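*Asks:* Can you read through this structure? Questions will come right after.
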Amino acid sequence: MNLEALLAARLGAAFFRVAGATVDPAVRRSRHADFQSGAALPLARRLGRAPRDVAGDVLAAADLAGVATAEVSGPGFLNLRLTGEVIAAAANEVAADPRLGVPPVARPERIVVDYSSPNIAKELTIGHLRSTVIGDAAARLLEWLGHDVVRANHLGDWGTAFGMLIEHLGAGDAAGIDDLTAFYQAARLRFDTDEEFRTRARLRVVALQTGDEPTLRQWRHLVAASQHYLLLAYDRLGVTLGPEHFVGESFYNDRLESVVAELAAKGLLVESEGALCAFPPGCTGRNGDPLPLIVRKSDGGFGYAATDLAALRYRVRELGAIRLLYFVGAPQRTHFQMVFAVADAAGWLPDGVTAEHAGFGSILGTDGRMFRSRSGESVKLAAVVDEAITRASALAPAPEVARAVGIGAIKYADLSGDRMSDYVFDWDRMLALTGNTGPYQQYAYARISAILRKAGEFEGTILPVAAAERALALEVLGFAPVVDQAARSLEFHRLAGHLYGIAQAFSAFYESCPVLSAPAGVRESRLALCALTARTLRQGLDLLGISTPERM
């Protein structure tokens, strides 16, 4: 039972009687009551009446019997307090539902979620964290709701740099690549300092692009070694990307010429200094001149724009995707705006199909600058995970629990803030057992698990009577609307914030409402409420990619 929807339906009918038209009752949770509606204020301006009078008329017309009590507050708000019977009925209904009151979507869509997308032959750094963590949360949530989610790990596995890397790799598939960063740096150094090597590397690019089999064999070895490393990293992070989700830039090579041909046939390309460019309307530089999207370079080669256009067309035409999500940093906003505009003009985004750039801010150090090592280099993601687990072991000595807490802390710190904002990577804050952190919520779950273990088997109906019971039940019952909102907006900080509210409400409940020592009847009711709370925390954190240890 969605309490917000129930109240909205009752008030919506009353607003219609008063206004003679459909009015969104704008029912929201409130600190002043269980819920509040502020819709009378804008309606009053439209009707030319006093807001409190309009609110009073709506209240008089509303059928709230047995559902809630209401009063007009302040300039014209409607404060609503639900009856205990309605809260109890809703709580028990959700407790009996394996999906916690969140139904599968009525119309599942095929959704491509493009995330992580590192370059081959380079180690993951802290710079890959946000795309990987936020994208994985989106894939998990949309899949749980019943959508057909296609994960796409758009690897950078093609281009001029591979001539350098393949030449450095040398002959024979047995060559080892133990340290990707060291391997790449060594190849780069040779390219920058050795003219003969640089010439051979450039010839390797030509050999690669023309399909020379020995060169391709070396390229495949390099890609395979990198993918093996990535899979180990994803597994350690608890990220749901697997080998079947690797779709590198190379996959689209044989589609690039047809992208150019189709855009040219539709009159969307202009030759500019030897390159073929599209000029999407509304896309201008700082000086106001139109910005070009270079589809084919002057030397006949292709860049990111052509590959991204080919990928978009493939995902819509061949995969049948209805919604395309790209989890890439905010600085790429203009690039994706241009790609989507060109695709739309080409007819590759027909009615009902959407492409969204789900951008995000940067990770900063405690000094407010980009998070880097003391030497100024990008911090390896593996080193961050190692540090998190080491620090978490002070909170949870068991290795598996320390891993869950450390990695959960990193993920939660990323997901608990507005993704468009930068955030400060602060070990002390993210690993704190108090405040809006992953460990705080994991600890709340572990504490409930301890209560339920001690209780053993029980059967109970939730009958929230005490204020803290009532408050906890209301927080738990708000889970379904928040999940729905997060799926539409991709604002995972709202889901994280709601889970934090549940953990806080449980803490207050735990302090004021004895569970195991409560009288018969009350004990079973509180145990049932504890069980529902634990299930909700576990499911919510799982949607964010965070595990919930039973003990801490």
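The values are calculated or read from the model by the stated rules, or taken from the named source; none is laboratory data. Remember, predicted model here, so these are calculated numbers, not experimental data. Using ideal geometry, Cβ is built from the backbone for each residue, glycine included, and neighbour counts are taken over all protein chains shown. Note: areas computed on protein heavy atoms with side chains; ligands, DNA, RNA excluded. Shrake-Rupley method; radii C 1.70, N 1.55, O 1.52, S 1.80 Å.
*Asks:* If you find the alpha carbon centre of the stretch 284-324 and of the stretch 46-119, how far apart are they in angstrom?
*Replies:* Here the answer is 42 Å between Cα centres.
*Asks:* Can you tell me how much longer the chain between residue 224 and residue 49 gets when fully stretched, taken as 0.36 nm per residue apart minus their C-alpha distance, in nm with one decimal?
*Replies:* Working: separation 175, 0.36 × 175 = 63.00 nm, distance 7.07 nm.
Value of the extension gain: 55.9 nm.
*Asks:* Taking a probe of 1.4 angstrom, what is the accessible area of residue 297 in Å², to the nearest 10?
*Replies:* My reading of the accessible area for residue 297 is about 90 Å².
*Asks:* Just need the relative contact order of the stretch 292-446 here, percent rounded to a whole number, with Cα pairs under 8 Å and 6+ apart.
*Replies:* 18
*Asks:* Further, regarding this structure: Of all the accessible heavy-atom surface of the stretch 394-552, with the other protein chains kept in place and a 1.4 Å probe, what percent is carbon and sulfur?
*Replies:* The computed percentage sits at 53.
*Asks:* Convex hull over the Cα atoms of the stretch 406-549, averaged projected area in nm²?
*Replies:* 8.6
*Asks:* Can I ask one more? Starting from the amide H of residue 356, placed 1.01 Å from N in the peptide plane, find each other amide H under 5 Å away whose residue is 5 or more places distant or on another chain.
*Replies:* 324, 325, 326
*Asks:* Next up: Run lengths n ≥ 4 of DSSP H only: what is the helix-derived mean residue ellipticity at 222 nm for the chain, with -39500 (n - 2.57) per run over all residues, to the nearest 500?
*Replies:* Details: 20 runs with 280 residues, N = 552.
It comes out at -16500 deg cm²/dmol, rounded to the nearest 500.
*Asks:* Here's a follow-up. If all Cα-Cα distances of the stretch 5-133 are sorted into 10 Å bins from 0 onward, what percent lands in each bin, rounded to whole numbers?
*Replies:* Binned Cα distances yield the sequence 11, 30, 20, 17, 14, 7, 2.
*Asks:* Continuing with this model, one more query. Let me check against my output: what whole-number percent is the relative contact order of the chain, with C-alpha pairs under 8 Å and at least 6 apart?
*Replies:* Normalised by residue count, the contact order of the chain is 14 percent.
*Asks:* Could you give the nm distance between label points at residue 369 and residue 105, where each point is 7 Å from its Cα heading toward the beta carbon?
*Replies:* 4.3
*Asks:* Determine the equivalent ellipsoid of the chain by diagonalising the alpha-carbon gyration tensor, then write out the semi-axes as square roots of 5 times the eigenvalues, largest first, rounded to whole Å.
*Replies:* Numbers: eigenvalues 504, 203, 71 Å².
So the equivalent ellipsoid measures 50, 32, 19 Å along its semi-axes.
*Asks:* Let me ask something additional. Check cross-link reach from residue 411 to the lysines: straight Cα distance under 29 Å, and skip same-chain residues fewer than eight apart.
*Replies:* Excluding near neighbours in sequence, the set is 122, 380.
*Asks:* Follow-up. Want the number for residue 271 to residue 160: 0.36 nm per residue separation, take away the alpha-carbon distance, what's left?
*Replies:* Here the segment from residue 271 to residue 160 would lengthen by 37.6 nm.
*Asks:* At a Förster distance of 45 Å, what's the computed FRET efficiency of residue 1 paired with residue 289, Cβ-Cβ distance as r, to 0.05?
*Replies:* So, using R0 = 45 Å, E works out to roughly 0.20.
*Asks:* All other residues with a Cβ under 14 Å from the Cβ of residue 461 taken together, and with Lys, Arg as +1 and Asp, Glu as -1, what is their net charge?
*Replies:* Working: positive: 523, 526; negative: 85, 93, 459, 469, 524.
That sum, taken over residues with Cβ under 14 Å, equals -3.
*Asks:* What fraction, in whole percent, of alpha-carbon pairs in the stretch 246-368 exceed 17 Å separation?
*Replies:* On the way: 4450 of 7503 pairs.
The proportion of pairs with Cα distances above 17 Å equals 59 percent.
*Asks:* By how many nm would the segment from residue 73 to residue 550 grow when fully extended, if each residue of separation counts as 0.36 nm and the alpha-carbon distance is taken off?
*Replies:* That works out to 167.3 nm of additional length.
*Asks:* Any idea what the alpha-carbon Rg over 2.2 N^0.38 Å comes to for the stretch 164-248? Before the final figure, lay out each step's value.
*Replies:* Numbers: Rg = 14.4 Å, N = 85, 2.2 N^0.38 = 11.9 Å.
With N residues counted in the stretch 164-248, Rg over 2.2 N^0.38 Å equals 1.21.
*Asks:* Then there's this: With a 1.4 Å probe and all protein chains left in place, how much of the accessible area of the stretch 11-143 comes from carbon and sulfur atoms, in whole percent?
*Replies:* 51
*Asks:* Once the Cα atoms of helix 381-392 and of the chain are each reduced to a long axis, what angle between those two axes, in degrees from 0 to 90 to the nearest 10, is obtained?
*Replies:* Around 30 degrees separate the two axes.
*Asks:* Using a 1.4 angstrom probe with every protein chain in place, what is the largest-first accessible-area order of 136, 148?
*Replies:* Values: 136 5, 148 65 Å².
The most accessible residue leads, giving 148, 136.
*Asks:* Now for a separate question. With every protein chain left in place, what is the accessible area of residue 393 in Å² (1.4 Å probe, nearest 10)?
*Replies:* Counting only protein heavy atoms, residue 393 exposes about 50 Å² to solvent.
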